[in-house]
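Student: I'd like to ask you about the structure that follows.
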Amino acid sequence: MVTKEWKIEAFKDMVRIRELQDTVQQIYREGKLNGHIQTCQGQEAVAVGAIRVLSKKDIVFSNHRGHGHYLARGTPAKKIMAELYGKVTGTNRGKSGGMYLVDVERGMMVASGIVGGSICLAVGSALASQIRKDGAVTLSFFGDGATNIGLFHEGLNMAALWNLPVVFICENNQYAEATKKEEHQKIKKISDRAISYGMTGVSIDGTDVIKVYETVKEAVEKARSGEGPTLIECVVYRLAGHSAGDLGAYRPKGEEEKWRETHDPVKIFQTQLFSKGILSQAEAERIVREAREEIEEAVQFAEESEEPPVETACQYVYQEEN
Amino acid sequence: MSELTYIEALRAALREEMRKDRDVFVMGEDITRYGFGVCRGLLEEFGPEMVRNTPISEAAIIGATIGAALRGMKPVAEIMFVDFILMGMDQIVNQAAKMIYLSNGELDLPLTIRAAEGTEWHGGGCQHSQTLHSLFVNIPGLKIIIPSDPYDAKGLLKTAIQDRNPVLFFEHKQLYTQKGEVPDEEYTIPFGEAAIKREGKDITLIATSWMVRHALDVAEEIKDKVSVEVIDPRTLVPLDKNTIVNSVKKTGKVLVVDESPVTGGVQGEIISTIMEEAFWDMEVPPKRLGSQNTPVPFSTLLEEEVIPAKEKIKKQILEMIQV
């Protein structure tokens with residue numbers, strides 16, 4: 001059971017992610033940002049619920065829609081924002097942009113901009129933990145689209161075969177880019193795929209942050225105790241386009257609005273906290289205001305930051321010294 | 001000194017590194033029981049945790065070794081035939097080659113991927129006989145190693161395993177059973193140092209991998225007519241420009257022989273590098289030999305037609321000398 005404090009902290013993080021992503025989308029459309037930026041509105045409960053399970057030594061492999069994972073793990077919003085601006089103060093000093101964030105200090109490995117590209121890397125990270133017996137668990141985040149990639153199949157098979165300490169978290173947001181789930185796979189529940197690898201698979205409501213936390217916690221504990229991987233499908237809806245400039249015209253009219261009523265994790269959690277008397281209207285407003293200020297400061301920090309020095313363009317292609 | 005085969009030399013390198021460094025482990029398909037046998041015997045000494053047979057999943061073999069390397073281990077992945085490496089191309093090109101760069105040097109990627117390339121002892125056909133290292137020369141972030149004899153194979157593999165960067169290590173099937181002298185004491189060979197395999201003064205013959213064997217045979221055969229200097233770059237990335245350019249400045253003639261198909265192959269890259277530095281020293285136009293621009297056919301007769309074997313090298317050198 002999670003505590004009241006836990007709930008308030010989790011709610012704060014969800015609001016921070018929402019503010020970060022709404023702001024990114026807005027300033028992208030104002031022409032202040034360029035490149036490929038995928039936002040994760042609608043998926044906040046997955047990032048927050050899952051990441052809050054982790055201990056410091058645990059490792060995360062994120063994907064292109066991963067800003068929420070980083071923010072939840074503690075990467076400062078200003079470093080994420082500065083990276084989106086391509087500034088030297090960003091997470092990757094301007095070499096990534098939106099898709100390949102990294103925060104080594106916090107165990108956040110380089111995210112993959114290739115759909116499914118980091119699943120097997122997470123498997124290998126778990127293999128390292130198994131060999132070294134370091135007790136770390138690795139989380140692998142990917143979307144529903146990635147479950148049709150060969151790497152998903154190869155990686156899950158290997159992880160199950162070797163009982164590796166890894167948890168696979170599929171954020172099924174109903175869309176692979178512009179293709180609806182029903183048009184890219186016949187199965188209804190993605191977790192059904194787990195059985196073909198001899199792995200446990202569960203599908204849960206990914207808008208329920210406590211459910212996500214409890215499910216991931218159980219899977220992480222199982223992985224840590226040497227009982228192997230789990231595939232967790234978190235059912236959500238992408239309350240945004242594929243990328244920050246995408247208005248989602250390929251979606252049936254009214255679809256997003258309909259899902260928004262039932263699948264907005266921030267609203268759902270807030271209503272719950274109100275009804276249980278854990279949070280007041282005024283406190284909620286303060287949390288939103290503080291998050292907004294944090295993100296505004298992040299934007300200002302990013303805009304005022306220096307461009308990366310040109311001589312860094314070819315720096316660290318290799319580690320030069322052994 | 002001991003006389004070892006190329007396979008034994010590679011195995012000795014793996015064994016030495018695994019004994020001294022607990023972060024080194026090997027994995028690949030049937031590495032303990034089938035295939036070319038480089039890892040044979042390691043299981044008995046190091047156990048199944050460190051010597052892993054895998055499913056036939058090249059992308060996962062490569063991806064998982066990348067992931068383990070990101071955590072500080074020093075994995076050696078074996079890809080039985082280089083042709084299969086293409087199943088893991090995303091993991092090498094999009095992931096491995098970018099990790100150090102994207103992290104601004106905060107991450108190391110001490111990964112070695114070994115793969116057997118080149119034509120077989122006849123009969124591999126087009127999906128088991130390719131020479132693919134040139135593809136990877138065009139990917140910044142990878143180191144490309146291509147040893148031609150047991151001595152180089154051992155010394156370079158040891159360096160590869162301890163390198164902080166992703167290293168692709170291309171072995172040649174025709175070399176596996178070749179024997180050579182290997183020191184009993186420990187040694188390593190640094191990357192970026194070409195080997196002058198035979199000194200000469202009339203023409204520079206740059207050859208890689210199995211082609212070095214052909215080059216040395218030709219040089220010996222025609223030594224009364226022409227003095228051939230045979231240079232093996234040993235590592236294509238990084239490339240030892242100095243040794244190559246200095247030799248060409250001395251001889252004024254250069255032929256580059258590599259088993260990659262000629263179009264877009266590393267032969268052209270080496271020649272361009274030479275031309276930028278030694279154009280005014282050239283006496284005749286530079287020449288390159290590689291496999292013909294065709295899939296490798298099965299028939300022995302056709303296969304020999306496609307690859308740049310001894311007779312073609314000899315003919316080309318004699319033509320260049322007569323000018």
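Each reported figure results from applying straightforward, stated rules to the coordinates on display, with no laboratory input. As the structure is a prediction and not an experimental result, all values here were calculated from the model. No Cβ is skipped: glycine too gets one built from the backbone with ideal geometry, and neighbour counts run over all protein chains shown.
Student: Is the shape of region A:168-322 best called rounded, prolate or oblate, per the rule: a/c under 1.5 gives rounded, else a/b larger than b/c gives prolate, else oblate, with a ≥ b ≥ c the square roots of the Cα gyration tensor eigenvalues? Walk me through the intermediate numbers first.
Tutor: Working: a/c = 1.41, a/b = 1.11, b/c = 1.27.
The shape class here is rounded.
Student: Can you give the percent of C-alpha pairs in region B:195-322 whose distance is more than 25 Å?
Tutor: Here the tail beyond 25 Å accounts for 18 percent of pairs.
Student: What residue among B:55, B:100, B:137 has its Cα farthest toward the positive end of the dipole of region B:2-182, where the charges are +1 on Lys, Arg and -1 on Asp, Glu, each on the Cβ?
Tutor: Farthest towards the positive pole: B:100.
Student: Run through the DSSP bridge list for chain A and note the antiparallel percent, rounded to the nearest 5.
Tutor: Working: 3 of 26 bridges.
Of all bridge pairs located within chain A, approximately 10 percent are antiparallel.
Student: Take the alpha-carbon centre of region A:207-262, take the same for region A:90-162, and report the distance between them in whole Å.
Tutor: 17
Student: Still on this structure, please answer the following. Which one, A:35, A:305, A:147, projects farthest toward the positive side of the charge dipole computed for region A:4-305 from Cβ point charges (K/R +1, D/E -1)?
Tutor: Final value for the positive-end residue is A:147.
Student: Taking Cα atoms, how many degrees apart are the long axis of helix B:58-70 and the longest axis of chain B, rounded to 10 and kept between 0 and 90?
Tutor: Value to nearest ten degrees: 70.
Student: For a Förster distance of 51 Å, can you work out the FRET efficiency between the beta-carbons of residue A:55 and residue B:311, rounded to the nearest 0.05? Each step should come with its number before you reach the end.
Tutor: Values: r = 65 Å, r/R0 = 1.28.
Once the sixth-power term is evaluated, E becomes 0.20.
Student: Restricting to bridges with both residues inside the protein assembly as shown, how much of the DSSP beta-bridge set is antiparallel, in percent to the nearest 5?
Tutor: Details: 12 of 69 bridges.
Counting only bridges with both partners in the protein assembly as shown, antiparallel ones make up about 15 percent.
Student: Taking only the C-alpha atoms, wrap a convex hull around chain B and report its volume per residue in Å³ as a whole number.
Tutor: Per-residue hull volume (Cα only) is 127 Å³.
Student: Let me ask another. Once phi is turned into ³J(HN,Hα) by the Karplus curve 6.51 cos²θ - 1.76 cosθ + 1.60 with θ = phi - 60°, what whole-Hz value does each residue of region B:75-86 show in order, with x for glycine and proline?
Tutor: Here the 3J(HN,Hα) series is x, 10, 8, 10, 10, 4, 10, 4, 4, 6, 5, 5 Hz.
Student: Same structure again: Need one number: convex hull volume per residue for the protein assembly as shown, Cα atoms only, in Å³.
Tutor: So the per-residue hull volume is 163 Å³.
Student: Evaluate the Debye formula for region A:1-159 with equal point scatterers sitting on the alpha carbons, no solvent, and hand back log10 of I(q)/I(0) at q = 0.10, 0.12, 0.18 Å⁻¹, in q order, two decimals.
Tutor: Normalising to I(0) and taking log10 leaves -0.36, -0.52, -1.12.
Student: Which distance in nm do the two modelled labels at residue A:320 and residue A:189 give, with both placed 7 Å along the Cα-to-Cβ direction?
Tutor: Label at residue A:320, label at residue A:189, 5.6 nm between them.
Student: Counting GluC sites (Glu not before Pro) as exposed when in a DSSP loop with at most 14 other beta carbons within 10 Å, what is the longest stretch of chain B free of them? Walk me through the intermediate numbers first.
Tutor: Values: sites that count: B:49, B:185, B:186, B:193, B:199, B:283.
For GluC sites (Glu not before Pro) (loop position, at most 14 other Cβ atoms within 10 Å), the longest site-free span of chain B is B:50-184.
Student: Using 29 Å as the Cα-Cα cut-off, could you pick out the over-long pairs in A:95/A:222; A:32/A:258; B:154/B:253; B:241/B:312?
Tutor: Distance filter (> 29 Å) returns A:95/A:222; A:32/A:258; B:154/B:253.
Student: Would you work out which of A:284, B:207, A:187 lies farthest towards the positive end of the dipole of the protein assembly as shown? Charges go on Cβ: Lys and Arg +1, Asp and Glu -1.
Tutor: Most positive-ward Cα: A:284.
Student: What is the antiparallel percent of DSSP beta bridges lying wholly in region B:175-323, to the nearest 5?
Tutor: So the antiparallel bridges amount to about 20 percent of the total.
Student: So if I place +1 on the C-beta of Lys and Arg and -1 on the C-beta of Asp and Glu, and nothing else carries charge, what would the dipole magnitude of the protein assembly as shown be about its Cα centre? I want it in debye, nearest 20.
Tutor: Computed about the Cα centre, the dipole is about 1140 debye.
Student: With label points built 7 Å along Cα→Cβ from the Cα atoms of residue A:284 and residue A:260, find their separation and express it in nm.
Tutor: Once both label points are built, they end up 1.6 nm from each other.
Student: May I pose another question? Quick one: helix B:210-221 against the long Cα principal axis of chain B, what's the angle to the nearest 10°, folded into 0 to 90?
Tutor: The angle comes out near 30 degrees.
Student: Please return the longest stretch of chain A lacking exposed loop sites, where GluC sites (Glu not before Pro) count only if DSSP places them in a loop and at most 14 other Cβ atoms lie within 10 Å.
Tutor: A:31-176
Student: Hey, any idea what the orientation-averaged projected area of the convex hull of region A:4-305's Cα atoms comes to, in nm²?
Tutor: 14.7
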